[in-house]
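None of the figures in this text is laboratory data; all of them are computed from the coordinates on show. Note that the structure is predicted; figures quoted are calculated from it, not measured.
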Amino acid sequence: MDKQAFKKGLIRFVTQVGAGFVAILIGYFVMVKGFGGCAGAERPDAVVPDVIGYSVEEAEALIAERNLKMENAGEAKESSFEAGYIVSQEPEPGVTVKEGRTVKVRVSGGLGKIHMPNLVGNTLRQAERIISRNGLVLGEVTEVHDDAVPADHIIEQNPEPHKKVKRGTKVSLMVSLGSEEATILMPVNLVGMTVDEAASALREYELAVGNVSSEPSTLVPEGRIIRQSPELGENVKKGDAINIVISSGPPGVPPEGGF
């Protein structure tokens with residue numbers, strides 16, 4: 001065999017071997033990629049649990065139950081949670097992910113501070129809403145009479161307005177019952193009652209019978225009340241005397257026992 005023929009044969013051999021090796025490598029990568037894709041597709045889903053407000057230990061256990069991992073992504077300096085409790089998470093609760101996914105959480109470094117809102121002059125219900133909205137807690141509520149502050153409005157608060165306090169602080173309130181001399185609407189209709197019945201009914205409202213006069217009436221039996229002053233629904237104060245007019249019977253008929 002001459003040198004030229006040998007050289008051509010060697011080149012053909014090397015070319016064939018190289019092509020076969022490349023084909024083997026391509027087949028291997030295709031196979032690995034295919035198996036890898038199947039493995040990823042078969043990995044089950046998991047729903048991310050809600051761990052906000054839980055301690056670090058509780059959150060880690062809940063996340064692990066779903067075959068997920070937890071990573072502390074940093075501390076929140078001021079929050080509405082006490083130190084050591086989860087403030088936020090990523091992914092958010094309820095999101096579906098593949099098992100093995102990492103859930104990143106931020107942990108509270110302690111309760112944040114706020115300026116105490118001014119509650120004085122608000123109604124009790126309004127004050128309760130403001131307290132809740134600011135992450136505070138309603139404490140003791142004391143009720144007292146106050147001539148200057150309308151009933152159900154805040155007179156004083158503790159802590160005082162504008163003072164810097166921690167979220168979660170208890171706020172005590174003093175609430176007005178209104179003036180002890182405040183007027184009320186005449187609560188009882190005395191018409192048709194006897195004087196004794198009227199006196200008994202008025203005592204329940206800290207009122208009393210005032211002047212008693214009489215006049216004839218064809219409609220109201222003798223000895224029963226024809227009208228009163230103030231009338232039902234008019235303004236009165238505790239201790240006021242209510243004047244009444246009683247029936248002396250039909251006109252021209254002498255009173256009982258008369259001549």
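Return a whole-number percent for the relative contact order of region 184-247, with Cα pairs under 8 Å and 6 or more residues apart as the contact set.
Values: 123 pairs, mean separation 29.7, N = 64.
Relative contact order, region 184-247: 46 percent.
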task: For region 73-231, divide the Cα radius of gyration by the Kirkwood radius and give the resulting Rg/Rh value with two decimals.
output: 1.39
- prompt: If you take every DSSP beta bridge whose two residues both sit in region 184-247, what share of them, in percent to the nearest 5, is antiparallel?
  reply: 50 percent
message: Give the average over all directions of the projected area of the C-alpha convex hull of region 47-108, one decimal, in nm².
response: 3.5 nm²
